[in-house]
Structure formats: structure tokens, C-alpha cells
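The values are calculated or read from the model by the stated rules, or taken from the named source; none is laboratory data. Not measured: the values here are computed from a predicted model. A quick note on method: Cβ atoms are made from the backbone with ideal geometry, for glycine too, and the neighbour counts reach across all protein chains shown.
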There are 2 protein chains.
Amino acid sequence: MPENKPNEERVLLPAPKEPEKAKEAAKVPERIEKVFAGIDKNFTKHIAKVQEFLKQSSVSAEKEGIIETALMVKGMIESIGGKATFHGSDDFPIVFGQLDLGKPKTLLIYGMYDVQPADEKTWKSPPFSAEIRETSQHGKCIFARGAVNSKGSLASLFNALKEMKANDDIPVNLKFTIEGEEELGSPHFAAFVEKHKEELRADACVDFDFAQDTDQKVTMQLGVKGIITFDIVCKGGRVGGPAEKEVHSSDSAWISSPAWRMVQFLSTLVDKKEKVLIDGFYDNVIPPSKEDMELLDKLAKTFDENMILREVKSLRFKYDSHGADLLQKYLYLPTLNITGVSSGYTGPGQKSVLPSKARAKMEIRLVPNQKHEEILEKFRKHIAKHGFDEIEMEDIFAYPWSKTPVSSRIVHEMIDAYRILGREPEIWPLGAWSAPYYVFSNLLNLPFVRGGLGSGDGEHSANEFCTIEGIKDFEKFVVVFLNEFAGKK
Amino acid sequence: MPENKPNEERVLLPAPKEPEKAKEAAKVPERIEKVFAGIDKNFTKHIAKVQEFLKQSSVSAEKEGIIETALMVKGMIESIGGKATFHGSDDFPIVFGQLDLGKPKTLLIYGMYDVQPADEKTWKSPPFSAEIRETSQHGKCIFARGAVNSKGSLASLFNALKEMKANDDIPVNLKFTIEGEEELGSPHFAAFVEKHKEELRADACVDFDFAQDTDQKVTMQLGVKGIITFDIVCKGGRVGGPAEKEVHSSDSAWISSPAWRMVQFLSTLVDKKEKVLIDGFYDNVIPPSKEDMELLDKLAKTFDENMILREVKSLRFKYDSHGADLLQKYLYLPTLNITGVSSGYTGPGQKSVLPSKARAKMEIRLVPNQKHEEILEKFRKHIAKHGFDEIEMEDIFAYPWSKTPVSSRIVHEMIDAYRILGREPEIWPLGAWSAPYYVFSNLLNLPFVRGGLGSGDGEHSANEFCTIEGIKDFEKFVVVFLNEFAGKK
């Protein structure tokens, strides 16, 4: 088992430079041209492999096809000469794969084989038929649940690895942690990683994905925000209000309302600009580093603010800012969002009721260096301070933010891989979304990056697809990236 | 067509006295004993008539059986020698009946023949089978949608009138306005009454009902509160926020939230004690008259506050008051209630969304002398004053309060009818609920009272029932009341 290099060596690199003209025109070595030729030659078979994987349903929410799919993943790891074992929950195995080739460097690969339910009514072909159709905007595409999120790229990854094995060499040792509960919030993943810390030693971790926008722009995120989700429930009874079921609304003349209590409580949480009013909420928030600020300045030059407003059809941002300042607020301020609220009768027309409870679904996005335990404690203190003792917090779920410095070697290697293939990525020091990448960056102390060429759309909704052309780009990207990671010339 | 007496003559009576011992023991005249004997003798047939009417479904929300039921009502009016015509909407006719017997006094009777949907899963017998079952608490009962609200009493009314006709005399002229859209909010009723003001002239108006509690307590309401219902809708777009559909919640880092806007707006409406903060909201609220205050003092002696708390399972009232003071707050203060609120995702678990709109269903109960047009205007001004210009009010529905003085002749006559039958009613100057009684009290300037013996439960829900014993009490009550109203000895 190769030893990890000390952490300092991984990060002590200068910030990535602007691409040089020469590098843009750089050719890949002949070895790699041979692998590319293999990909081109066998591409029809590759597509068939991706379709085969997409035809196997693996809906974790419905516990459908999970074991069958885990066995296929195990088979794919074995097909390149690796060993694979099942861990975590018996019903949703985490596939832990190892391919020890005695190379100097080891890459840990994160992936997922489960998908969202596909019960939407508007699928044009069955979601597990993986039909190929010509589209006006994106050429030939595979339509399937999981095509872009994320079984399409997972199957393509193994196509690329097999071509490397056949035409050249896999130049690094590989470890795989491919889970089947990502869409359920990865409930067993952190414990698995904690338990197998030693066996998971590596130089870096990557989540290979079809990471291009549908307009072909390439972005790279070096981190994600953390998240806390929970429900707040305000019930009648304890401080007044109907306790068991809604009652006739004429009783609101003398019986107090859990719906009003909920409104009163929620209104203490943020001001009119949505600035959070919980004592100490912003205490540990750190501003962007000099390095990150440089990335923001650079991003501000290419980033199209109006495109965001057009996408969500909003007339303005909640901050009166632009450019790097807006991006800084977007990425470096934590948020408190109501994802849902309900109380009483919510159907058509009217029903004369006084509700017996009100429920709000809350979501906090955490930024460096906030800790979720601390924020939850502050939230609880806020409830008590304002005298809403009857409010209960239910279904609390949380995980931390993750952040890898732009000076990390793996970041440079991925940027170089993009540039060799003629693409210049937008580098985001953080994403505003959340994913359990902290498992690698925090628990394993590994630099983590997510990327890949290839694109698609419709994740979590009907007619999810990935482009055929993108699969070929993705496979070539994997080849070039592994070569860069291995440091081979 | 008999002329109405001037209004003064109807109201210039002293407040009703405590029952005298003699009156309590008062026998009904022999004429009426004969009618009672007819009711007893033919009671099996009467029950069959009530069942027949209940077996005819008349769900206005589903437009089911409406015309068939209207024709049955027409037939019942004709069976006592009256004339009946259809008015209002063709699909939901208002049955206008007239029985002109050339008597000195005329009574206008309000009724409804439509019922709520009966789609509840827990009916023990089909809702339109009108099955009779023995119950441990209430003896024999008829179980049917409409049994207590209100087709049971409507059919029983005609049983009583037929027995009066056969065994004695109907001592007054009768007019009937029986509508089939009450459960839809009586959308054509006020216009019909306005149009037929002259033909609807009468001395008083009554809504005969099974008005006893299931614990047999007899209550009488001399009025009801008015009502305004509407939705407030807060959408994204205009002042920021996603305009068309919910977006990924990571966007809440820079896009504002219609859910937070809704919370901010709602929190301006009431204080922590639910006192309404709209400028001028309480301006025209008048305190109870001396007469009403006497009723409240009397009510406070028999009224059980803890029973209310037990029923709604609340630990306290929203006012720190008791007795007549609590009753005064309950009846004489207007209220602003949230009957429902919804935004974003409200299912199980979590969904990472930023909602594009939020909706709150609001209900205002109006007391004398508030006017709904004025309150609506003040609500709109409140929206503008607090800068929530994007908030829209939808589905506005309103009607006024109704109030008949306790000194009205019809009130005395109803109290006397109860006392003759050995019952002492709790007299409420107002009810906290709402009903379109203003049509009679305000548009026609007629004293209006609702009452009747008989009881049942389960209105608007499964296993609605009325008691068989109550039907007999109700029929006898109608006979005694019409005799009192006619002033016959």
C-alpha cells in the first residue's frame, strides 16, 4: 500500500497561471494518442456499455435494483484488474475497490450508483430504456434516469480505464468508493470512511462527472458549502392553541393560533434583507483568502450576472452589489432559507379552520469556518431567547463545508488536463451548493476536486440526458488527467 | 299580499324576563294537543319522509342531484297548498315558496337543500342510505350526509306543517327561500333577495334548525359576525425572488425569497397577543349595549369556560380574562386568522428549493359596526404602508354581520316556544361564527332568529346524524312557535 505524501507537498504550489499560448496548442504524447484512437475505434461499444448500466434501475428511495447495480459496479472494478468488496449497509452497499499497480501515486475516486425516482409523467421514452435520440441543440443524446447524475459518467470512466489498460497503462494506483445512498443523504458513508481511514490513504480524491454546462462552459469548484436542514414545528396546547386537530375558525376569537406563533417566530430570524438575526450567527465566517479573492476578481470578468437573473426570472439580486463583491457575498455569506412552510388548509377555496400546528422546513448553508453543531446551538438559544419554548426542531440533518486550496497540486493537474484538451475552466473557490465532500477533505485530509468534460441536463426530473459527444470528451479527459496526475510526460 | 308592520312595532318590547314558574308549567291549548297527537300517531311516516329526502343526494360542490332535490322541495311546499317557483341560477335553483292564507302575520323561512361532499372513507353506512341505527349515547339516529346540516330539519318542518294543516290550521302566511348553494357561499342569494324585496315582505324571518347541542343544551343566537376571506399571494420577480417556479435553494445565497417576504408581511399584521396592527382596524367596533351586557352577565353564570378549553385541548385562552369580560372579548372583538399558509416543498423529508411564491389564506371576522369594504381598504393601505407592493389579494369574499335586538318580538316568541316545551335557552347576543343572515336583517330589515329543538352531529364529516327523538321535539317546537308567532291563545 503506497504511503501518502505529507500534506504540505500537495498544496505548496503557486496559484495557477493564465494559460500560455504554447500550452494551449500542446499536443498529447503518442502513448495517449494511442488510447484516444482506442476510444474512437471502440466508441460504439462504449456507448452500449453506458446504456447497459443505465438500463439497470437503481432507485435508492424505492430500494429498486440497488444490489444488482452494486454487483455491476463490482464487476466494472474487477474488469480492470481491481478487487472490490461491499461495506456499509447490506441493503445499499458501498463498493470499495482497489487497483494496486505498485505506482508511486494513488488516486481515490468517489462515485455514486443510485439515482432519483423516475415517476415523472412526461418522460418521452421509458426512464430505464436509455434510448438514444437526435436533439436539435445537443446532437445525439442518451435519455435515462441517471444519464447525467451520475451513472453515465461512472460507466464512461471504466470505458476510459479499459482503453488505457489495453493501449498504454493505468499510470496510478486507484481506489474507489462508490456509494448507493447518495440520493438519501449518504447516511452510512462518513462512518465507512472513518472506519477505513488507513485503507483509504491516497494522494488526492476526485469526483469525475459530466461537469460542463449545456452551453459547454467548463467550471471547477474547489469546495462546497455545508448544510443544515430541519423542520420547525409549532403546535397548540402548551402555550395555547388547539392541540390535537384544527378547530372551527370562530374559536380564533379566544384561542390563539400556532400559525401566528410560527409567523412571529420566523420573523425574528432574519431582517428585511434576509440578514440572519441569530446572535453570533456570523461569528466564525472568514472572508476569502488573498488567493480566493484573486479567483473572484478573475471570475467577475467572465461571469454573467444577468444570465443568473434570467434563469430564475428575478428582477434583482438580494444584494445591491456587482462583480467580485456580489460573488463574495454569494459564496462567503451563510444563508438561512425557508424551503417550505405549511399550516392549516392549503387547498382551493376556503376552509374555516384554526390550525393546530404549523411547520416550516429550514435550510442553513454554512461557509468556512462555521461549525454546524455551534450554529444549531445558537439557533436553539434564539428560540429560548425569544420565548418560543413550544417550538420543536425535527429531522435535523447536517454536514460540514469542504474546501481545497487552489494551490493544491490536484487542482493544477485538473486545470492542465482541461487546457491540454483546449478548454479553460472557470475556477470557483467554493460552490454555493452542498455535497458530502467533507468526508474526503476533512476526515481524510485529502485535496478533493470535482470535474470532467461532458454535459447533460434534467437531473432529478423527466427526460434526463447526457450527450454522446460529451461521453467521448469525458473519456479522453480521464485519460489526460490520470497522465497529469501521474506526472508522466 | 299582507303588508309588513312597521319595524318599531317589532322591536319595542322589554327584554325577556326570567321564566315564571306558572309559565314553565303552562299547558299547550287543546288545538295544539291535537296536532301533537297527529305527530305522535304518524311519526313512523314522518321518519320515512325525512329518510326519503336524505336519500336524495344534493352535493352542490359536485352538482349532484341538485335539480332533483329542488323539485322535491317544490313538491313539499305544494303539498301544504303553497306555490313554488325557481329563481337564481338555473343549475342551483333558489326555491321561492308562498303560502298566502290571508292571515294577519307572515313568516319568512330560510333554508338550504344542498349538502357537503360525502367522500370521507369512514362512513359506517353509505352517506345517502339514511340508515337508522341505535346508538348508546343518543338512542335511535338517522345517519346521512345532511341529517343535521340541514335537510333533516327541512323535511321535518314540512311534516309539522302538514300535521297542523290536517289537525288544526296553519295560523300564519308563510314564505320560503330555500337555496341550493349555501355550501358554496350563497353566491346568488343576496341578488335574488334584492330583486324580490317586495315579494319577500314579512314580519320576521326564521332559520329552523336542529339547534340543540348533543348534550341537549338549547342555545339561541341573535346574530352572527360578518366575514372576509381572501388569499394573500407573494410572488417572486417584481421585488426579487424566482418568478416562475421554485429554483435550487443554493440560489438563496443571492436571490431573495417570497417565503421570507410573506413571513415579514404577516408579522406586521398582529402583535404577539394577536391584536391586529392595521391602522384603524378597531375604529368602528362598538361595545355591547346595556341590553347585550345583561345577556353576557347572565351567560357568564351558566357558561363553562373549561369545557371550551377541553374541546380544543388548549391550555389557555388568548385573553387573560374570565366570565362576562372573556365573553365580551370573544364576541365583540374582530379577529384576523390565518386559516392556511403554504410555500415551497411541504412533503416528507427535505427538498432543496427556494420557493417562487407563498400563499396565506386569511379570514377576518367582523363585529358591529365594522364594514367589510372599509376593512378591506385599510388592509390594502397596510400593505402599501409597509412597502409590500408585490403582495396580491385574491379570491376576496365578504358579507356583513347580522344582529337582531333581544327586544324583538320574534325573539320573545321563540323564547316562549322553548319555555312552553320546558326548555330554557342560553341567549347569545351574537355568535362568533358567520352566516349570511344579513340578507334578512340588513337587506330586508327583518328581525331574524335561528332556532329549534332536536340535535345531531358530524356536519361536514363522516357519520353525520340527527336523533329520532329530536325530530319529534323539533316538529312540536315548530307547531308551538308558529302558534306563538301568530299570537293565538
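For the stretch B:208-240, name all the residues that are more than 13 Å from chain A (Cβ to nearest Cβ) and either out of contact with any helix residue (DSSP H, G or I) (no Cβ under 9 Å at 6 or more places or on another chain) or in a loop (DSSP other than H, G, I, E, B) (or both).
B:Asp209, B:Phe210, B:Ala211, B:Asp213, B:Thr214, B:Asp215, B:Gln216, B:Lys217, B:Thr219, B:Leu222
Select from the stretch B:261-303 the residues that are under 15 Å from B:Phe379 (Cβ atoms) and of a type in the set (Val, Ile, Thr) and write down the one among them that is surrounded by the fewest Cβ atoms within 10 Å (Cβ to Cβ).
B:Thr268
Does B:Ser252 satisfy the criteria of being under 16 Å from A:Phe317 (Cα atoms), within 14 Å of chain A (Cβ to nearest Cβ), not aromatic (Phe, Trp, Tyr) and not in a loop (DSSP other than H, G, I, E, B)?
Criteria met by B:Ser252.
Matching residues to (1) away from chain A (no Cβ under 14 Å); (2) within 21 Å of B:Arg145 (Cβ to Cβ); (3) in a helix (DSSP H, G or I); (4) at pLDDT below 90:
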{"position": "B:Ala398", "(1), (2), (3), (4)": "no, no, no, no"}
{"position": "B:Ser407", "(1), (2), (3), (4)": "yes, no, no, no"}
{"position": "B:Met414", "(1), (2), (3), (4)": "yes, no, yes, no"}
{"position": "B:Arg423", "(1), (2), (3), (4)": "yes, no, no, no"}
{"position": "B:Pro436", "(1), (2), (3), (4)": "no, no, no, yes"}
{"position": "B:His460", "(1), (2), (3), (4)": "no, yes, no, yes"}
{"position": "B:Asn463", "(1), (2), (3), (4)": "yes, yes, no, no"}
{"position": "B:Lys472", "(1), (2), (3), (4)": "yes, no, yes, no"}
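Out of all the residues in the stretch B:319-352, which are farther than 21 Å from B:Trp401 by Cβ and of a type in the set (Lys, Arg)?
Once the filter is applied, which keeps residues that are farther than 21 Å from B:Trp401 by Cβ and of a type in the set (Lys, Arg), the stretch B:319-352 yields only B:Lys351.
Sort out which residues of the stretch A:261-278 are within 7 Å of chain B (Cβ to nearest Cβ), in contact with a Leu (Cβ under 8 Å, 6 or more places away or on another chain) and either under 20 Å from A:Val233 (Cα atoms) or at pLDDT below 95 (or both), and write them in order of number. Break it down stepwise before answering.
Pass one, the stretch A:261-278, residues within 7 Å of chain B (Cβ to nearest Cβ): A:263-264, A:266-267, A:270, A:272, A:274.
Of the ones still in play, those that are also in contact with a Leu (Cβ under 8 Å, 6 or more places away or on another chain) are A:263, A:267, A:270, A:274.
Answer for the stretch A:261-278, where residues must be within 7 Å of chain B (Cβ to nearest Cβ), in contact with a Leu (Cβ under 8 Å, 6 or more places away or on another chain) and either under 20 Å from A:Val233 (Cα atoms) or at pLDDT below 95 (or both): A:Val263, A:Ser267, A:Val270.
How many residues does the stretch A:48-88 contain that are more than 25 Å from the chain's Cα centre (by Cα) and within 19 Å of A:Ala147 (Cα to Cα)?
1
Yes or no: A:Ala48 surrounded by fewer than 17 Cβ atoms within 10 Å (Cβ to Cβ), among the small types (Gly, Ala, Ser) and either out of contact with any Lys or Arg (no Cβ under 7 Å at 6 or more places or on another chain) or in the same structural domain as A:Thr467 (by TED's automatic domain parsing) (or both)?
Values: surrounded by fewer than 17 Cβ atoms within 10 Å (Cβ to Cβ): yes; among the small types (Gly, Ala, Ser): yes; either out of contact with any Lys or Arg (no Cβ under 7 Å at 6 or more places or on another chain) or in the same structural domain as A:Thr467 (by TED's automatic domain parsing) (or both): yes.
Judged against the criteria, A:Ala48 is a match.
Of B:Thr85, B:Thr69, which residue is surrounded by fewer than 20 Cβ atoms within 10 Å (Cβ to Cβ), outside any loop (DSSP other than H, G, I, E, B) and hydroxyl-bearing (Ser, Thr, Tyr)? Break it down into steps so the answer makes sense when it comes.
Details: B:Thr69 fails: surrounded by fewer than 20 Cβ atoms within 10 Å (Cβ to Cβ).
Matching residue, one of B:Thr85, B:Thr69: B:Thr85.
Being in contact with a helix residue (DSSP H, G or I) (Cβ under 7 Å, 6 or more places away or on another chain), facing another protein chain (nearest Cβ under 8 Å) and aromatic (Phe, Trp, Tyr): is that true of B:Phe281 here? Show your work before the answer.
Working: in contact with a helix residue (DSSP H, G or I) (Cβ under 7 Å, 6 or more places away or on another chain): yes; facing another protein chain (nearest Cβ under 8 Å): no; aromatic (Phe, Trp, Tyr): yes.
No: the conditions fail for B:Phe281.
Looking only at the stretch A:380-406, filter to residues that are surrounded by fewer than 18 Cβ atoms within 10 Å (Cβ to Cβ) and among the acidic types (Asp, Glu); which one of those is farthest from the chain's Cα centre (by Cα)?
Going through the qualifying residues, I end up with A:Asp389.
Limited to the stretch B:334-354, what total is found for residues that are within 7 Å of another protein chain (Cβ to nearest Cβ) and either surrounded by 20 or more Cβ atoms within 10 Å (Cβ to Cβ) or in contact (Cβ under 8 Å) with a residue 40 or more places away in the chain (or both)?
Total satisfying the criteria: 14.
Can you find, within the stretch A:283-313, the residue that is modelled with the lowest pLDDT among those that are in contact with a Pro (Cβ under 7 Å, 6 or more places away or on another chain) and assigned to a loop (DSSP other than H, G, I, E, B)?
A:Lys313
Take A:Lys55 and decide whether it is modelled with pLDDT under 95, in the same structural domain as A:Val115 (by TED's automatic domain parsing) and of a type in the set (Lys, Arg). Lay out the reasoning, then the answer.
On the way: modelled with pLDDT under 95: no; in the same structural domain as A:Val115 (by TED's automatic domain parsing): yes; of a type in the set (Lys, Arg): yes.
Against the criterion (modelled with pLDDT under 95, in the same structural domain as A:Val115 (by TED's automatic domain parsing) and of a type in the set (Lys, Arg)), A:Lys55 does not qualify.
Has the stretch A:357-372 got any residue that is facing chain B (nearest Cβ under 9 Å), among the hydrophobic types (A, V, I, L, M, F, W, C) and over 19 Å from A:Gly223 (Cβ atoms)?
yes
Out of the residues in the stretch A:208-217 that are surrounded by fewer than 20 Cβ atoms within 10 Å (Cβ to Cβ) and touching a residue at least 24 places away in the same chain (Cβ under 8 Å), state the one that is nearest to A:Glu426 (Cα to Cα).
A:Lys217
Return only the number of the condition from (1) of a type outside the set (S, T, N, Q); (2) exposed (fewer than 15 other Cβ atoms within 10 Å of the Cβ); (3) part of a helix (DSSP H, G or I) that A:Val35 does not satisfy.
For A:Val35, the exception is condition (2).
Which number in (1) outside any helix (DSSP H, G or I); (2) modelled with pLDDT under 95 marks the one condition that A:Gly454 misses?
Condition (2) is where A:Gly454 drops out.
Quick check: is even one residue across the stretch A:322-332 surrounded by fewer than 19 Cβ atoms within 10 Å (Cβ to Cβ), among the basic types (Lys, Arg) and within 8 Å of another protein chain (Cβ to nearest Cβ)?
yes
Condition test on B:Lys378, is it away from every other protein chain (no Cβ under 14 Å), among the charged types (D, E, K, R) and under 15 Å from B:Leu336 (Cα atoms)? Before the answer, list the steps.
Values: away from every other protein chain (no Cβ under 14 Å): yes; among the charged types (D, E, K, R): yes; under 15 Å from B:Leu336 (Cα atoms): yes.
It is true that B:Lys378 is away from every other protein chain (no Cβ under 14 Å), among the charged types (D, E, K, R) and under 15 Å from B:Leu336 (Cα atoms).
Determine, yes or no, whether A:Leu174 is over 19 Å from the mean Cα position of the chain (by Cα), farther than 12 Å from A:Val115 by Cβ, assigned by TED's automatic domain parsing to the domain that holds A:Cys205 and not in a loop (DSSP other than H, G, I, E, B).
For A:Leu174, the condition - over 19 Å from the mean Cα position of the chain (by Cα), farther than 12 Å from A:Val115 by Cβ, assigned by TED's automatic domain parsing to the domain that holds A:Cys205 and not in a loop (DSSP other than H, G, I, E, B) - is met.
Being under 15 Å from B:Asp292 (Cα atoms) and β-branched (Val, Ile, Thr) is the filter here; which residues of the stretch B:384-435 pass it?
Correct list: B:Thr404, B:Val406, B:Val411, B:Ile427.
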